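Contents: one structure, followed by commentary.
The values are calculated or read from the model by the stated rules, or taken from the named source; none is laboratory data. Treat the numbers as computed from the prediction; the structure is a model and nothing was measured. Glycine also receives a Cβ, built like all others from the backbone with ideal geometry; neighbour counts cover every protein chain displayed.
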Amino acid sequence: MELKFRRVFNNIKDHFFLKNTRIKLIFGSIWYGTAWSVRVGNYNFIKIDSNRYKKAKNSVIKGLLAHELSHAEYYNKLSFLNYIAFIIKYTLSKRYRIKTERETDITTIRKGFGKDLLALRNYSYKYGKGKYLKILKRNYLSIKEIKQYIKNK
Ligand SMILES: [Zn+2]
């Protein structure tokens, strides 16, 4: 499973501007969502709850990694202090989380991974439950919106 993630990652990483940043994929369970991207100095860690993607096709994994790499690319543009400010806002403000996740989805589509994001969202709606599903529906683009953005890319 982890090998599959690493293989997809190597195939898509060059689509993202990550100058001076080293990306590290780590695997393990996550209490909030199923994956996150966080910057520490010159490293950007992408932690993935890979157990949630056991039934996922390549396209789903590509959608997930492209979304996380879009976060990483954004962090790469921020100064250290602006990154700290980002983390504080993201943690404290629901509205800011919604804005961030929707913009990250849009970046993912603009980068050419719209179909993969669509596959990811379909997969998450199918297998997601409870609070996770509620957050997913509130904070991220819907299937209909993704299709719309793909058309207008
Ligand atoms: Zn995200």
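Quick rundown of the values:
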quantity	calculated
Hits in region 96-115 (condition: β-branched (Val, Ile, Thr) and surrounded by 15 or more Cβ atoms within 10 Å (Cβ to Cβ))	Thr100, Thr104, Ile106, Thr107, Thr108, Ile109
Residue match in region 116-124 (condition: within 17 Å of the chain's Cα centre (by Cα), surrounded by 16 or more Cβ atoms within 10 Å (Cβ to Cβ), of a type in the set (S, T, N, Q) and within 15 Å of the ligand (Cβ to nearest atom))	yes
Matching residues in region 21-38 - criterion: being in a loop (DSSP other than H, G, I, E, B), more than 16 Å from the ligand (Cβ to nearest atom) and either surrounded by 10 or more Cβ atoms within 10 Å (Cβ to Cβ) or in contact (Cβ under 8 Å) with a residue 24 or more places away in the chain (or both)	Thr21, Ser29
Region 118-144: number of residues that are under 15 Å from Thr108 (Cβ atoms) and of a type in the set (D, E, K, R)	1
Scope region 126-153; condition within 16 Å of the ligand (Cβ to nearest atom), modelled with pLDDT under 95 and either aromatic (Phe, Trp, Tyr) or not in a helix (DSSP H, G or I) (or both); matching residues	Gly128, Tyr132
Cβ pairs under 9 Å, 6+ apart, first in region 131-149 and in contact (Cβ under 8 Å) with a residue 60 or more places away in the chain, second of a type in the set (S, T, N, Q) and outside any helix (DSSP H, G or I)	Tyr132/Thr34
Near pairs, Cβ below 7 angstrom, 6+ apart or cross-chain, from region 82-109 (closer than 18 Å to Val60 by Cα) to any residue that is within 13 Å of the ligand (Cβ to nearest atom) and hydrophobic (A, V, I, L, M, F, W, C)	Arg102/Leu141; Asp105/Leu117; Asp105/Leu141; Thr108/Ala66; Thr108/Leu117; Ile109/Leu117
Residues satisfying the stated conditions in region 83-100, i.e. of a type outside the set (Ser, Thr, Tyr) and within 13 Å of the ligand (Cβ to nearest atom)	Phe86, Arg97, Ile98, Lys99
